[in-house]
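Structure record follows, encoded as structure tokens.
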Amino acid sequence: MQRRTRLTTRTAAALAGLSALVTLTACGSGDGGSGKGGDDPFAGKSADRIAADAVKATKDADSLHMKGTVRQSGSTVTVDLSVDQDKNCDGTIATDGAHADIRHTNGTLYLRGDEQYWRAALKEQPGADKIVPKVKDKWVKAPADDATTAGLCDKQGLVASMDENKSERTGMKKGPATTVDGTKAIKLTKKKSSGETLALYVAAEGKPYILRSTSTGGKAPNTATFSDYGKAVRPQTPPADETVDLKKIAGGGDQQA
């Protein structure tokens, strides 16, 4: 259904954008020095090895929280989402003053957008003026077999692109020790010929999870922060009286789910 597709495209693109940012920065094969030192958990490892270990640890994590911004077509999209291996997710997406909450539980995706979000999502769709008042600030549900929402809360799908293009793994260098939200980390950087600087922050305590990924100096500056690894994600099913079925409304009905 076209309305459903327009609704979810913005959300899916934003999540994919954060994963793509990590893909770019997790691609270094420059050694950046030997990293010798007894207190250095990365001693003797190249930037390439550190990045590869970070990607694997992140993919293997049972759950994670991702928060970041992506520039898309002149707009800034902000995503704040917790997701696990079982496709449970809970979070928000916002852009240009529009806001939507996202939940996925028991095989169903629920999305609650404000009026501005829905007017943008249903722009140029027949009957949008009648539909928006019925769905704004309500939880709109999509079934598990809806192809347009299938990947929105797929943790493995979100991070799968990290391993796709190994030919990009050149030129990343090891930087100084630092911290990300209080967690010790190492910074890996890569300066592109375009002037854009990519940076990947990898945890230097516990498992080598990706903690932050940034792109600065280019046309589309982005940042993504990852946290709460292994923390349970338990989204609640929205109350029935706050839930609607967009397909039924768009088809002429006015039924709640």
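The values are calculated or read from the model by the stated rules, or taken from the named source; none is laboratory data. Note that the structure is a prediction, hence the values are computed from the model and not measured. Every residue, glycine as well, gets a Cβ built from its backbone with ideal geometry; the counts of neighbours run over all protein chains shown. Note: areas computed on protein heavy atoms with side chains; ligands, DNA, RNA excluded. Shrake-Rupley method; radii C 1.70, N 1.55, O 1.52, S 1.80 Å.
So here's what we get for this one:
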read-out	value
Residue pairs meeting the criteria (Cβ under 6 Å; at least 6 apart or on separate chains; first within 12 Å of TYR209 (Cα to Cα), in segment 173-192; second among the aromatic types (Phe, Trp, Tyr))	VAL180/TYR201; ALA185/TYR201; ILE186/PHE42
Residue in segment 65-77 that is under 20 Å from PRO238 (Cα atoms) and either without any contact (Cβ under 8 Å) to a residue 40 or more places away in the chain or of a type in the set (S, T, N, Q) (or both) present	no
Criterion violated by ARG3 - all others in (1) modelled with pLDDT of 55 or more; (2) of a type in the set (Lys, Arg); (3) open to solvent by less than 60 Å² (accessible area, probe 1.4 Å) satisfied	(1)
Candidates ARG112, ARG103, filtered to the one that is touching a residue at least 24 places away in the same chain (Cβ under 8 Å), over 24 Å from THR58 (Cα atoms), out of contact with any Gly (no Cβ under 7 Å at 6 or more places or on another chain) and part of a strand (DSSP E or B)	ARG112
Checking ARG49 against (1) at pLDDT 85 or above; (2) in a strand (DSSP E or B); (3) open to solvent by 10 Å² or more (accessible area, probe 1.4 Å), the condition it does not meet	(2)
Among residues of segment 116-133, those that are of a type in the set (Lys, Arg) and under 15 Å from VAL244 (Cβ atoms), counted	1
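This table checks each residue for (1) farther than 25 Å from LYS247 by Cβ; (2) out of contact with any helix residue (DSSP H, G or I) (no Cβ under 6 Å at 6 or more places or on another chain); (3) not aromatic (Phe, Trp, Tyr).
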position: GLY74; (1), (2), (3): yes, yes, yes
position: THR78; (1), (2), (3): yes, yes, yes
position: ASP96; (1), (2), (3): yes, yes, yes
position: ASP114; (1), (2), (3): no, yes, yes
position: VAL140; (1), (2), (3): no, no, yes
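Residue-wise test of (1) closer than 20 Å to THR58 by Cα; (2) at pLDDT below 85; (3) open to solvent by less than 50 Å² (accessible area, probe 1.4 Å).
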| position | (1), (2), (3) |
| --- | --- |
| GLY151 | yes, yes, yes |
| GLY157 | yes, yes, yes |
| GLY182 | yes, no, no |
| TYR209 | yes, no, yes |
| PRO221 | no, yes, no |
